[in-house]
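Below is one structure, written out as structure tokens; the observations come after it.
The values are calculated or read from the model by the stated rules, or taken from the named source; none is laboratory data. Just so it is clear, the model here is predicted, and its values are computed rather than measured. Please note: Cβ atoms are built from the backbone with ideal geometry, for glycine as well, and neighbour counts cover all protein chains shown. For accessibility, only protein heavy atoms count, side chains too; no ligands or nucleic acids. Shrake-Rupley method; radii C 1.70, N 1.55, O 1.52, S 1.80 Å.
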Amino acid sequence: MRKILKPVEWIGIAIVSLIFLFPFVWMMLTSLKSIDETTVFPPKWIPSSIHWENFVQAWSSGPFLAYLINSIFVSLAILVLQFITAVPAAYAFARYRFKGYKILFGFTLIALMIPPQITFLPVFIQMSGWNLINTYIPLILPYAASAFGIFLLRQSFMQVPEEILEAARLDQASEWKIMWKIMVPMARPVLVTFGLFSFIYHWNDYFWPLVMTNQDVVRTLPVGIAALKASEGGVAWNIVMAGNMILVIPILIIFFFAQRQIIRAFVYSGVK
Amino acid sequence: MFFIYPIFYMFYLSFTSWDLVSPEKTFVGLENYKELIHSPDFLQTLSNTLFYTVLTVGISLVLSLFLALWLNRKGNRYRFLQGAIFSPHIISLVSISLLWMWMMDPQYGLLNWVLSLFGMPPSKWLADTSSAIYSLVLVSVWKILGYNTLIFIAGLQSIPKEVYEAAALDQTPWWRKLTRITIPMLSPTIFFLLIINTVNSFQVFDTVQIMTQGGPANSTNMLVFFIYQNGFDFFKIGYASAAGVILLLFVGIVTIFHFLFLAKKVHYR
């Protein structure tokens with residue numbers, strides 16, 4: 001029985017890794033092909049010569065430098081703001097029972113449940129009423145406070161023993177100092193986890209930047225790359241895949257180095 | 001607040017008729033809702049969304065449960081596979097949509113080549129009303145399978161080993177262990193994934209917008225894309241808001257279930 005099972009399992013492993021990894025290999029191979037080689041059937045596997053210029057062409061087909069800078073700026077700005085807002089909020093929710101605690105925490109939970117895909121239209125109208133469309137503000141501000149981050153941090157702050165805090169208070173440390181000097185370092189793994197989660201999410205996000213902007217100056221990479229397909233008429237797959245690589249490679253590099261952390265980040269969000 | 005206020009505002013807008021440009025919003029009462037209910041396009045969008053959700057959630061839950069049972073082991077190859085099936089989860093849906101569009105190309109696509117290997121006729125994938133929605137389901141199952149599997153693995157690891165040891169003494173067959181022990185013990189995880197996947201599927205947008213634009217013949221139009229189109233392409237703000245309220249209703253119902261369940265879970269501990 002064991003002898004039959006082994007080969008079966010290896011075949012299973014081969015099939016599953018093929019299904020999940022090969023598409024990315026295929027993207028890479030296609031991005032290096034000439035346009036003629038993408039239009040043969042059955043598909044040609046290995047490009048006969050390597051066409052690096054696909055990347056140049058993808059890059060120069062739009063203001064990609066601006067897209068890239070916007071992507072980095074928006075993702076990092078959101079990350080920083082989320083840290084600044086989540087840490088005090090989580091500390092307050094974890095350690096104090098103040099007036100309105102229940103209502104405020106309830107709001108946080110509701111915010112956790114309501115996806116941006118529902119609220120985008122009214123938020124857009126609000127923003128356009130303030131003449132803020134095509135600025136960074138609608139891209140960043142709605143995400144400045146992360147309900148998920150507050151929730152996650154609160155859980156880890158609650159695990160810090162009260163004695164440590166009392167010792168600090170005896171030494172006359174201010175609450176502010178306790179928060180940044182004791183709580184934050186102790187919650188570092190959770191902060192890293194949350195940081196990865198937030199950065200990847202906003203780096204990849206397509207919906208919000210698409211909806212909140214209509215000019216290239218403030219648009220991010222995903223929007224630019226999706227537009228690449230439209231401008232290439234969906235025919236020049238080698239160029240589109242080259243553009244795709246620009247979007248995917250940073251995340252794949254991060255994933256390669258921090259695979260366990262990232263998986264924890266995303267699974268954490270589920271298991272809580 | 002970027003969550004609470006917009007929702008009230010959306011309710012208000014759904015009772016008006018407004019094109020985003022004119023200064024006046026006209027109050028029309030329930031007109032938008034009436035129009036929605038009588039619009040065949042909207043009804044089809046609604047049924048597409050439900051069909052897509054049931055199919056995506058159902059298939060991915062069953063597959064990922066089996067994958068989790070298989071991959072819940074120690075060893076490098078299992079760790080490698082866990083990473084492999086998880087990788088689509090961190091890649092932008094834009095990339096995934098474009099990549100699969102290329103693989104689903106009716107003329108030169110990789111998938112038709114795979115079909116030809118098995119002697120099957122080529123499919124038109126996204127270009128045909130009968131196959132387009134299944135193609136979208138395929139892509140989203142591929143994307144979420146790894147996440148679901150890892151959550152299941154986490155759930156499996158919280159089941160006490162003694163239960164299985166007792167079952168092993170009784171020589172319980174594997175399928176009996178699965179239906180009598182594993183699935184009941186996993187029910188909190190199953191329920192959680194059911195809720196999360198359902199709410200996520202309701203909000204499908206990126207794949208629809210990039211891969212099909214709701215077509216062919218409206219066969220893949222889904223709620224969020226419908227709202228987006230009516231709002232930004234046709235400037236029917238009130239109408240789109242009413243559709244948004246309906247989406248909120250769906251998500252709300254599922255979420256309330258979630259909260260009731262969570263409250264219960266806390267209670268039992």
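Over all alpha-carbon pairs of the stretch A:1-149, lay out the pair-distance distribution in 10 Å bins, whole %, shortest bin first.
Here the calculated profile for the stretch A:1-149 is 8, 19, 20, 20, 20, 11, 3, 0.
Please build a GNM for chain A, connecting alpha carbons under 10 Å apart, and tell me which residue among A:LEU121, A:LEU76, A:LEU170 fluctuates the most.
Top of the fluctuation ranking is A:LEU170.
How many nm is it between the label spots at B:ALA168 and A:PHE73, if each spot is 7 Å from the Cα in line with the beta carbon?
Computed distance between label sites B:ALA168 and A:PHE73 equals 6.0 nm.
Could you grab the relative contact order for chain A? Cα pairs under 8 Å, six or more apart, rounded to a whole percent.
Details: 238 pairs, mean separation 88.9, N = 272.
Computed value for chain A: 33 percent relative contact order.
Looking at the stretch A:78-145, which trypsin sites (Lys or Arg not before Pro) are DSSP coil and have at most 16 other C-beta atoms within 10 Å of their C-beta?
A:ARG97, A:LYS99
Give the shape of the stretch B:49-109 as rounded, prolate or oblate, defined through the alpha-carbon gyration tensor: a ≥ b ≥ c are the square roots of its eigenvalues, a/c under 1.5 means rounded, and otherwise the shape is prolate if a/b is larger than b/c and oblate if not. Don't skip to the end; give the middle numbers.
Working: a/c = 2.40, a/b = 1.41, b/c = 1.70.
Because a/c hits 1.5 or more and a/b fails to exceed b/c, the stretch B:49-109 counts as oblate.
Taking R0 as 30 Å, what's the FRET efficiency between B:PHE261 and B:PHE66 from their Cβ-Cβ distance, rounded to 0.05? Spell out each step's value before the answer.
Numbers: r = 24 Å, r/R0 = 0.81.
After rounding to 0.05, the efficiency reads 0.80.
What do you get for the angle between helix A:221-231 and the principal long axis of chain A? Use alpha-carbon atoms, 0 to 90 degrees, nearest ten.
Once rounded, the angle reads 30 degrees.
Taking only Cα atoms, what is the 0 to 90° angle, nearest 10, from helix A:237-257's long axis to the longest principal axis of chain A?
Approximately 40 degrees, to the nearest 10.
How far is it, in nm, from the label point at B:ILE183 to the one at B:VAL21 when both lie 7 Å from their Cα along the line to the Cβ?
5.7 nm
Classify chain A as rounded, prolate or oblate, taking a ≥ b ≥ c as the square roots of the eigenvalues of its Cα gyration tensor: rounded when a/c is under 1.5, otherwise prolate if a/b is larger than b/c and oblate if not.
Working: a/c = 2.61, a/b = 1.52, b/c = 1.72.
The shape class here is oblate.
Given a 1.4 angstrom probe, I'd like the percentage of the accessible area of the protein assembly as shown that is carbon and sulfur, rounded to a whole number.
On the way: 17610 of 25690 Å².
Of the solvent-accessible surface of the protein assembly as shown, carbon and sulfur hold 69 percent.
What is the extension gain from B:PHE191 to B:LEU30, computed as 0.36 nm multiplied by their sequence separation minus the C-alpha to C-alpha distance, in nm to one decimal?
Numbers: separation 161, 0.36 × 161 = 57.96 nm, distance 3.54 nm.
Length difference between fully extended and current span is 54.4 nm.
Looking at this model, which pairs from A:LYS33/A:LYS229; A:LYS6/B:LYS177; A:LYS44/B:LYS124; A:LYS102/A:LYS181; A:LYS44/B:LYS143; B:LYS143/B:LYS177 are more than 24 angstrom apart at the alpha-carbon?
On the way: A:LYS33/A:LYS229 17 Å; A:LYS6/B:LYS177 22 Å; A:LYS44/B:LYS124 20 Å; A:LYS102/A:LYS181 27 Å; A:LYS44/B:LYS143 26 Å; B:LYS143/B:LYS177 29 Å.
Beyond 24 Å: A:LYS102/A:LYS181; A:LYS44/B:LYS143; B:LYS143/B:LYS177.
At 222 nm, what helix-only mean residue ellipticity would chain A give, in deg cm²/dmol to the nearest 500, using -39500 (n - 2.57) for each DSSP H run of four or more?
On the way: 15 runs with 198 residues, N = 272.
The helix-only estimate for chain A comes to -23000 deg cm²/dmol at 222 nm.
Which value, in Å², gives the accessible area per residue of the stretch B:10-101 when a 1.4 Å probe is used on the protein heavy atoms? Intermediate results must be reported in sequence, preceding the final value.
On the way: 4320 Å² over 92 residues.
Solvent-accessible surface per residue comes out at 47 Å².
Kyte-Doolittle cut-off 0.5, length cut-off 20 Å along the helix's own axis using Cα: show which whole DSSP H helices in chain B pass. Display every interim value, and only then the final one.
Values: long enough: B:40-71 (45 Å, 1.42); B:132-157 (38 Å, 1.48); B:187-202 (22 Å, 1.38); B:237-268 (45 Å, 1.65).
What comes out of the filter, once short or polar helices are dropped, is B:40-71, B:132-157, B:187-202, B:237-268.
What residue among A:LYS33, A:LYS44, A:LYS229 shows peak mean-square fluctuation when chain A is described by a Gaussian network model with Cα springs under 10 Å?
Fluctuation is largest for A:LYS44.
What FRET efficiency do you get for A:ALA14 and A:GLU163 if R0 is 51 Å and r is their Cβ-Cβ distance, rounded to the nearest 0.05? All intermediate terms of the calculation are to be shown ahead of the outcome.
Numbers: r = 54 Å, r/R0 = 1.06.
Efficiency at R0 = 51 Å is approximately 0.40.
A:LEU65 versus B:LEU249, label points 7 Å from Cα toward the beta carbon: distance in nm?
Each label point lies 7 Å from its Cα, and together they span 5.2 nm.
Only helical DSSP H runs with n ≥ 4 go in: add -39500 (n - 2.57) per run for chain B, normalise by residue count and round the 222 nm mean residue ellipticity to 500 deg cm²/dmol.
Working: 12 runs with 172 residues, N = 269.
Value at 222 nm, helices only: -20500 deg cm²/dmol.
In peptide A:164-170, what is the residue-averaged number of other protein chain Cβ atoms found within 10 Å of each Cβ? Each step should come with its number before you reach the end.
Details: counts 0, 0, 0, 0, 0, 0, 0.
Per residue, the average neighbour count from other chains is 0.
Name the shape class, rounded, prolate or oblate, that the alpha-carbon gyration tensor gives for the protein assembly as shown, where a ≥ b ≥ c are the square roots of its eigenvalues, rounded holds for a/c under 1.5, and otherwise prolate holds if a/b is larger than b/c and oblate otherwise.
Numbers: a/c = 1.39, a/b = 1.05, b/c = 1.32.
Here the protein assembly as shown falls in the rounded category.
What longest region of chain B stays clear of chymotrypsin sites (Phe, Trp or Tyr not before Pro) that DSSP places outside H, G, I, E and B and that have at most 15 other Cβ atoms within 10 Å? Don't jump to the answer; show the numbers that get you there.
On the way: sites that count: B:PHE118, B:PHE234, B:PHE235.
Between the exposed loop sites, the longest stretch runs B:1-117.
Taking the 0 to 90 degree range and rounding to the nearest ten, how far is the long axis of helix A:2-31 tilted relative to the main principal axis of chain A, both from C-alpha atoms?
80 degrees
What's the buried accessible area, both sides, between B and A using a 1.4 Å probe, rounded to 100 Å²? Could the numbers behind the result be given before it?
Values: alone 16010 and 16260 Å², together 25690 Å².
It comes to approximately 6600 Å² buried between B and A.
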